[in-house]
Amino acid sequence: MTPPGRGRGHSADDVARTALRILDDDGLADLTMRRLAARLDVQPSALYWHFPNKQSLLAELSDRIVGQAASLLRGSGVAAEARALRDALLAYRDGAEVVSSTLALGLGTSAAHDRLTAAVAAEGFDPRTSARAATTLLHFVLGHVWHEQQRLQYDSVGVAAPGTDHLPDADFAFGVDLIHRGLHAAASTPSV
């Protein structure tokens, strides 16, 4: 007997790649197991052979999105890691929302946090400070990109808020630099 999901020869990779296409084309709200199954021409139950639930599928998508940051890295250091993560998140519609929700549930890998932690540690900070700074940077990157992606979606349908002219690249760089300089300033200030 052929196991469920194997009859059409779809692998977990096929399912994840198709889910990423739906995410990019239609957004997270329209990425349903039913729609994914229809796109693969299988019954929805066949998907559970590879992913036991939608959260585990989203964790896989999150890992794939974050995994692209390494190939987008230009330069080294904290700012370069933050930019590469931003670029990876922006590569997919609702990328920041997928990664943020996955991290909130404690699913997926810690690759984004690990890369940011290593970049901070490379500047001589202790492991605890490096991890805490990485968490702050990660939250900033996710929040900034989430906001950017929302604006892109609103702009695409002609909804523009008055007085919202901004430069997302410059705003992002400013925020990362502010956090980075604040980290160094805090390290040079004696503890009370």
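Quick notes
- Helix 54-67 and the long axis of the chain differ in direction by around 50°, with both axes built from C-alpha atoms.
- Mean separation of Cα contacts under 8 Å (6+ apart) over length of the chain, as relative contact order %: 18 percent
- Each Lys and Arg contributes +1 and each Asp and Glu -1, all at the Cβ; summed about the Cα centre of the range 1-155, the dipole is approximately 220 debye.
- The P(r) of the range 85-172 has a tail past 21 Å containing 39 percent of all C-alpha pairs.
- Solvent exposure of the chain amounts to 55 Å² per residue of accessible area, where only protein heavy atoms count and the probe is 1.4 Å.
- Helix 127-156 vs. the chain, principal-axis angle (Cα, 0 to 90°, nearest 10): 60 degrees
- Principal axis extents of the Cα atoms in the chain, from largest to smallest and rounded to whole angstrom, are 68, 43, 30.
- Electrostatic dipole magnitude of the range 12-61 [Cβ: Lys, Arg +1; Asp, Glu -1; Cα centre; debye, to 20]: 160 debye
- By average C-beta atoms within 10 angstrom, highest first, the peptides 182-190, 140-148: 140-148, 182-190
- Relative to the longest principal axis of the Cα atoms of the chain, the long axis of helix 78-90 makes an angle of roughly 30 degrees.
- Sequence-distant contacts, meaning Cα pairs under 8 Å at least 6 residues apart, place the relative contact order of the range 56-137 at 33 percent.
- Between residue 32 and residue 128, the FRET efficiency from the beta-carbon distance, with R0 = 30 Å, is close to 0.15.
- When the solvent-accessible area of the range 89-182 is split by element, carbon and sulfur atoms take up 61 percent of it, the probe being 1.4 Å.
The values are calculated or read from the model by the stated rules, or taken from the named source; none is laboratory data. Keep in mind that this is a model prediction, so the values were computed, not measured. Ideal geometry is used to build each Cβ from the backbone, glycine not excepted, and the neighbour counts take in all protein chains shown. Quick note on the areas: whole protein, heavy atoms, side chains included, nothing else; ligands and nucleic acids left out. Shrake-Rupley method; radii C 1.70, N 1.55, O 1.52, S 1.80 Å.
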